[in-house]
Amino acid sequence: MTSPGRGPEVSLWFPGDWVGGEARTSDVDTAARPSRVPTNHGKPMLRQGDTGDWIGTFLGHKGAVWGATLNKDATKAATAAADFTAKVWDGVSGDELITLAHKHIVKSVDFTKDSNYLLTGGQDKLLRIYDLSKPEAEPQIVSGHTSGIKKALWSSDDTQILSADDKTVRLWDRNTLTEVKAINVAMSVSSMEYVPEGEIIVITYGRTIAFHSAETLEQIKSFEAPATINSASLHPEKECLVAGGEDFKLYKYDYNSGEELESYKGHFGPIHCVRFSPDGELYASGSEDGTLRLWQTTVGKTYGLWKCVIPEELGSENSDSIYSTTPEVKA
């Protein structure tokens with residue numbers, strides 16, 4: 001699920017329940033899906049995760065949408081917008097369920113695993129925790145940031161909160177709402193991803209892609225890219241990572257060695273977000289060029305739009321020789 005702010009695609013999200021490219025839902029048989037928000041339209045869209053096909057559009061915001069997310073089973077969506085609201089939507093019908101008024105631009109939204117609570121953060125420097133069973137009640141407030149919050153995420157089975165402002169990443173205790181630790185980085189944080197497998201957070205700032213423990217904020221390792229990076233995503237098996245930024249390029253690195261495996265252009269503008277699907281078979285990238293593109297992690301497998309072909313003349317003699325086409329998908 002993605003959102004644009006002042007330019008296209010500044011966030012991207014896949015739901016957590018994803019098996020073989022499909023969301024496991026009891027009410028709807030659709031593929032796991034990110035959404036896309038076209039520039040300044042304030043209209044988040046759901047798209048099928050393995051093909052990019054349009055599913056539906058959420059109508060209701062009156063300003064640019066800066067953040068978007070789906071709950072674990074993709075039955076609910078939440079959005080954060082410049083109209084000083086966060087909204088919760090029915091992920092199947094597209095109906096608006098709840099509007100949560102804020103005092104400034106909202107940049108980030110995140111559901112707990114059970115979908116009962118929503119975490120928000122934005123330009124007023126405050127974290128808010130809403131009980132979605134009592135949306136009219138005042139939210140719990142967490143204060144401590146000294147500049148606008150860019151990203152806020154639940155972590156450690158929803159017992160902790162991670163949040164990032166301009167040059168600071170903070171870790172909070174969910175029960176006491178107190179700060180556990182804070183780290184400062186050299187440049188403005190451009191993205192933060194939480195990887196529950198291994199409790200890792202991926203932080204990008206400047207040309208740096210840094211990996212920290214989500215439980216302690218201790219740094220694990222970091223890589224330097226050739227250009228300013230706006231977003232990075234770690235493969236679920238921690239085999240590799242992908243990153244994109246201001247030079248229009250996507251970079252793939254070996255997570256263990258830091259070796260650059262590939263770099264290539266497909267977009268015609270800066271890349272603002274990248275994200276692996278939960279099964280690791282593909283990753284999506286969103287750019288200022290107004291497109292959302294899907295990329296196969298391992299070229300040569302039948303998956304989604306990618307169809308493998310065994311040439312007839314090689315089929316019987318060399319069944320291991322498989323060729324794949326990799327169609328370009330534009331949102």
Exercise. Length gain on complete extension for the stretch D166 to S143, per 0.36 nm per residue less the alpha carbon to alpha carbon distance?
Worked result: 6.8 nm
Seminar exercise, completed: Which residues qualify? For C273, with a placed amide H closer than 5 Å and at least 5 residues away or on another chain, they are G286
Exercise. V299 accessible area, nearest 10 Å², 1.4 Å probe?
Worked result: 100
Problem set entry | Backbone N under 20 Å from the K221 label point (7 Å along Cα→Cβ), restricted to segment 270-291 | 275-276, 280
Seminar exercise, completed: Measure of exposure for D95: accessible area at 1.4 Å probe, Å² rounded to 10, is 90
Exercise. So what is the relative contact order for segment 216-281, in percent, with contacts set as C-alpha pairs under 8 Å and at least six apart?
Worked result: 31
For this session: Go ahead and run the numbers for FRET between S93 and Y264, Cβ-Cβ distance against an R0 of 45 Å, rounding to 0.05.
Result: 0.70
For this session: Could you calculate the contour length gain from V180 to S257, that is, 0.36 nm times the residue separation minus the distance between their Cα atoms, to one decimal place in nm?
Result: 24.6 nm
For this session: Could you state the accessible area per residue of segment 116-184 in Å², with a 1.4 Å probe and every protein chain left in place?
Result: 44
Exercise. What are the residues whose amide H is under 5 Å from the amide H of S231, where those residues sit 5 or more places off or on another chain and H is modelled from the backbone?
Worked result: G244
Exercise. How much of the accessible area of segment 40-156, probe 1.4 Å, is carbon plus sulfur, in whole percent?
Worked result: 49
Exercise. How much of the accessible area of segment 193-268, probe 1.4 Å, is carbon plus sulfur, in whole percent?
Worked result: 44
For this session: Any chance you could look up the accessible area of W154 with a 1.4 Å probe, heavy atoms only, rounded to 10 Å²?
Result: 10
Problem set entry | Gain upon complete extension [M187, L59; 0.36 nm per residue less C-alpha separation] | 42.5 nm
Exercise. With every protein chain present, what is the per residue accessible area of segment 211-284 (1.4 Å probe, Å²)?
Worked result: 39
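The values are calculated or read from the model by the stated rules, or taken from the named source; none is laboratory data. All of these numbers come straight from a predicted model, not from anything done at the bench. Neighbour counts run over all protein chains shown; Cβ positions are idealised from the backbone, glycine included. Note: areas computed on protein heavy atoms with side chains; ligands, DNA, RNA excluded. Shrake-Rupley method; radii C 1.70, N 1.55, O 1.52, S 1.80 Å.
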